[in-house]
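Have a look at the structure below before the remarks.
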Amino acid sequence: MNFSKRVREANVLWFAVVSLLVFSLCACQPQAPKHPNPEPYQDSLTAYNYERIKNGKADFVYAQYWYFNFLDDKGDTDASNDVAGVGAFGIANPENLFFQKGVVAGYGMIIRPAQEGTSFGMFGPFLNPAEPGNFSGSKTFESGQFSLVQCPFGKVDVISPDEYHTVGQVDEGARHIQWDLTYKRTLGPGWLCWQEWPLPATLWVFPAWVNYYMPMPNASVNGTFRVQDGADDKTYTLSNAKGYHDGFFGKYVFSLIRADWMDYKQDDPPLAIQLMSSHGLYTCQGGWDPCSPGVMRVVYNGAEYVFPRKAIEITYDQKAYDDKYKVYYPTQETIKARDPEGNMLEVHWTDVIHLMVYYPMPKPYKSTVSSEIIANVRGTFYEAKSKTTVPILGSGWTDWVSEAFADKR
């Protein structure tokens, strides 16, 4: 092929890309996001939503994630002997649009004391979602046993709105993680905590947003979680471990989210705390400039107490530096919140076991890294209507997501 022909073909391709961008700019005028309602929603939102919301506007950045974790605190309040794990499935760009490859992925993670073995997280090989057999997702959520999502890495079965069963396996070299876990709701209903939260525009052009939901933030987990790391092969048998299930979907790039997340629950007295907050300032549409999305819920004494971001004060009492990924991350944090009725929360957590997890992204997107922390948590919650102060003491899970290689020193 001669040089002039190559130039003509390159020009044609460039014209097609520019035309597509211009069309997208015209067709995707920013829509004012819905104001985030601080009240909890009782809608699972775990169905596969792509077919429902695809409309030719930035469909290539559609992503959805089904995430399950557990924390086995061994029945005490000391996090140093805890074992925690994750089994998850995700899909992005289901139709391989906009000159980009779509992805179906499975993910597993183990966090444990050094004497138990190595802590690590890993993806299975990325698969093409458009290839038959690589992904199926239910478009509805309904009672009765059925598969909510299924792929070569495993599946999520819905037994009832209050009970899920997930099995899966991911492999990477000599490492394998395999799970067979049942999640049964314990304290409080599900919660839609971010509704169409706006994020920075994808490629500076496409409006981005995400729905973040917790169908089962408080669950009892039973089953097995097997971890192989070379010759080291351990199977953890879980009996009423503390479980959590969440997910998100929207048109966005995962690395846009800078998250400050926390999940804590205790049995005596029964209480649960979930926090999903952003630690970055986002330039948002519809007059929100800047905005920092965030919200926290406390479930206690049969009631839900929801604190919007403006009612939450987060102090990073101590930070550490990870030289491999060039990021600072908190190792001690204090969270305070108060609502107009006088309900108050104050908790302090301290890093006991942590794992750095890297999420590489192709350019021009930025890669991210999360610090997954099993922490000692202490504090109090004051319920105004009963004039009760509830002591908080136990193990919890926190997560800090930030841009990788951003803090070189």
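What are the residues in the range 191-207 that are in contact with a Ser or Thr (Cβ under 7 Å, 6 or more places away or on another chain) and crowded, with 23+ Cβ neighbours inside 10 Å, if any? None - no residue of the range 191-207 is in contact with a Ser or Thr (Cβ under 7 Å, 6 or more places away or on another chain) and crowded, with 23+ Cβ neighbours inside 10 Å, so the list stays empty.
Can you find a residue that is closer than 16 Å to Tyr264 by Cβ, touching a residue at least 24 places away in the same chain (Cβ under 8 Å) and within 15 Å of the chain's Cα centre (by Cα) anywhere in the range 354-366? There is no residue in the range 354-366 that is closer than 16 Å to Tyr264 by Cβ, touching a residue at least 24 places away in the same chain (Cβ under 8 Å) and within 15 Å of the chain's Cα centre (by Cα). Residues that are assigned to a strand (DSSP E or B) and out of contact with any Asp or Glu (no Cβ under 8 Å at 6 or more places or on another chain) within the range 357-379 comprise Tyr358, Tyr359, Val377, Arg378, listed in sequence order. Restricted to the range 169-250, the set of strands (runs of 3 or more DSSP E) holding at least 3 residues that are touching a helix residue (DSSP H, G or I) at 6+ places or on another chain (Cβ under 8 Å), over 22 Å from Gly75 (Cβ atoms) and in contact (Cβ under 8 Å) with a residue 60 or more places away in the chain comprises 191-202. Has the range 225-234 got at least one residue that is surrounded by 14 or more Cβ atoms within 10 Å (Cβ to Cβ), modelled with pLDDT of 90 or more and on the phi > 0 side of the Ramachandran plot? No, every residue in the range 225-234 fails to be surrounded by 14 or more Cβ atoms within 10 Å (Cβ to Cβ), modelled with pLDDT of 90 or more and on the phi > 0 side of the Ramachandran plot. Taking residues in the range 298-312 that are closer than 17 Å to Gly379 by Cα and at pLDDT 90 or above, and partners anywhere that are hydrophobic (A, V, I, L, M, F, W, C) and not in a strand (DSSP E or B), the pairs with Cβ atoms closer than 6 Å and at least 6 places apart or on different chains are Val299/Leu187.
In the set (1) part of a strand (DSSP E or B); (2) in contact (Cβ under 8 Å) with a residue 40 or more places away in the chain; (3) under 17 Å from His245 (Cα atoms), Val86 fails one condition alone, (2). Looking at Gly144, Gly137, Gly133, Gly108, can you tell me which residue is among the small types (Gly, Ala, Ser) and within 22 Å of Val83 (Cβ to Cβ)? Only one candidate qualifies: Gly108. Among the residues making up the range 95-135, those that are in contact (Cβ under 8 Å) with a residue 60 or more places away in the chain and either within 16 Å of Val156 (Cα to Cα) or in a helix (DSSP H, G or I) (or both) are Gly106, Tyr107, Gly108, Glu116. Output the number of residues of the range 392-409 satisfying the condition of being out of contact with any strand residue (DSSP E or B) (no Cβ under 6 Å at 6 or more places or on another chain) and within 28 Å of Asp76 (Cα to Cα). Of the residues in that region, 1 qualify.
The values are calculated or read from the model by the stated rules, or taken from the named source; none is laboratory data. Quantities reported herein were computed from a predicted structural model and do not represent experimental measurements. Methodologically, a virtual Cβ is constructed for each residue, glycine included, from the backbone with ideal geometry; neighbour enumeration extends over all protein chains shown.
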